[in-house]
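Enquirer: What follows is a single structure, and I will ask about it in a moment.
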Amino acid sequence: MLKPNHTDKYYTPIQLKLPLEIERIIDISDPVYSFNEIMNHIDLKEHLTVKEHGIGRPRCDSVKMLKIILFSFMENGYLSLGNIEKSCKTDIRYMWLLDGMKPPTYVTFGNFIKNELSESVEEIFGVVNRSIFDYEHVDTDHAYIDGTKIEANANKYTWVWKKSCTRNRDKVFLKVTGLIERINAEDLLYFGVRFEPRSEYAIEYIDQMLESYQLTMGIDESTFVSGKGHHKSNVQRKYEELKGYRDRLKNYARHIEICGEARNSYSKTDHGATFMRVKRDYMGNDQLLPAYNMQAVICDEYIAAIDAKQYASDMDCSDGKVQRHLRSLSEVSCG
């Protein structure tokens, strides 16, 4: 008796067929070819730290990992390490860049970025930029600069205005002057001591007055009373009031220092962001939002330099950094 044939249960009708050369699958106009050609013209090993290993698994090729990371960010702008690992396993272009190497895990990518790229990535970007400009003979004598406002990753209602801090600081100066006159007339007159009023008060001068007032009046802060049912003495009230003015002046001085000389505001959750009007006003009320002024320098349709500025006006963003960068590019191209 013949046995029944059950072979139809042990195979799938979909069979994966790959050519011997993966490159045949990738479209000829894909940017991965241009990217790989530029990267192959650069000696990347001199910018990467090479660490010898004794036992364990062999290390991944640092050049190939750098290509994977740069290409993933070039294609997507931002990509998580988990998605980079997934692309190495599913995207044929990433497999071609790996060139037979086993796809690294997201932990391997994280350690590589932390240990080998954190200090040299800016240098690598500069080398890649100069290599492209030298290869394409880009004219750096003519540059076009344009910018746009990009909203910062900061809370919307965390503004600090320098003009407001300056006005409140001047009001505190007047209150300190009035308090000093009362202290001189009511307390220090009997001890032959006098505090000199000023138009502006430094933090150090107020600290000296607090120390002198404490020694002259024999003030012991451990004996201070507070809360309901306790009556503060006039000396305690004046001492605490002067101390509160000092703390407020410290706060205003810190805000003004963070703002600097060239801008008038900053965000509490992102000190580098300045409140300005952006093009995409989703609030619909022309409200100022924490943002950066992104300035890009274009030479022959190539981005020569890009920088994030803190100033709303494009005129305030011009400095010598762009000129120095273009000069370095032109020296490489001439060489």
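Enquirer: In the calculated pair distance distribution of the stretch 214-293, what percentage of Cα-Cα distances lie above 15 Å? Could you put the intermediate results ahead of the total?
Expert: Values: 2237 of 3160 pairs.
So the portion of pairs separated by more than 15 Å is 71 percent.
Enquirer: Could you give the distance between the Cα centres of the stretch 219-247 and the stretch 133-207, to the whole Å?
Expert: If we compute the Cα centre of each part, the gap is 27 Å.
Enquirer: Separate question: Counting other beta carbons within 10 Å of each Cβ, put Val176, Val160 in order, fewest first.
Expert: Val160, Val176
Enquirer: Oh, and also: How do Phe35, Phe224, Phe275 line up, fewest other C-beta atoms within 10 Å first? Don't jump to the answer; show the numbers that get you there.
Expert: Details: Phe35 18, Phe224 14, Phe275 22.
The order, fewest Cβ neighbours first, is Phe224, Phe35, Phe275.
Enquirer: May I pose another question? Most exposed first by the Cβ proxy, i.e. fewest other Cβ within 10 Å, how do Cys60, Cys88 rank?
Expert: Working: Cys60 19, Cys88 23.
Lowest to highest Cβ neighbour count: Cys60, Cys88.
Enquirer: Using DSSP to call loops (not H, G, I, E or B), can you name the GluC sites (Glu not before Pro) in the stretch 100-165 whose Cβ has at most 11 other Cβ atoms within 10 angstrom? Each step should come with its number before you reach the end.
Expert: Values: sites: Glu116, Glu119, Glu122, Glu123, Glu136, Glu151; in loops: Glu119.
In loop regions of the stretch 100-165 (DSSP not H, G, I, E or B), the sparsely surrounded GluC sites (Glu not before Pro) are Glu119.
Taken together, the values in this text are just the output of simple stated rules run on the coordinates, not laboratory data. Predicted model only: the values in this text are computed from it and were never measured. Cβ: placed from backbone, ideal geometry, glycine included. Neighbour counts: every protein chain shown.
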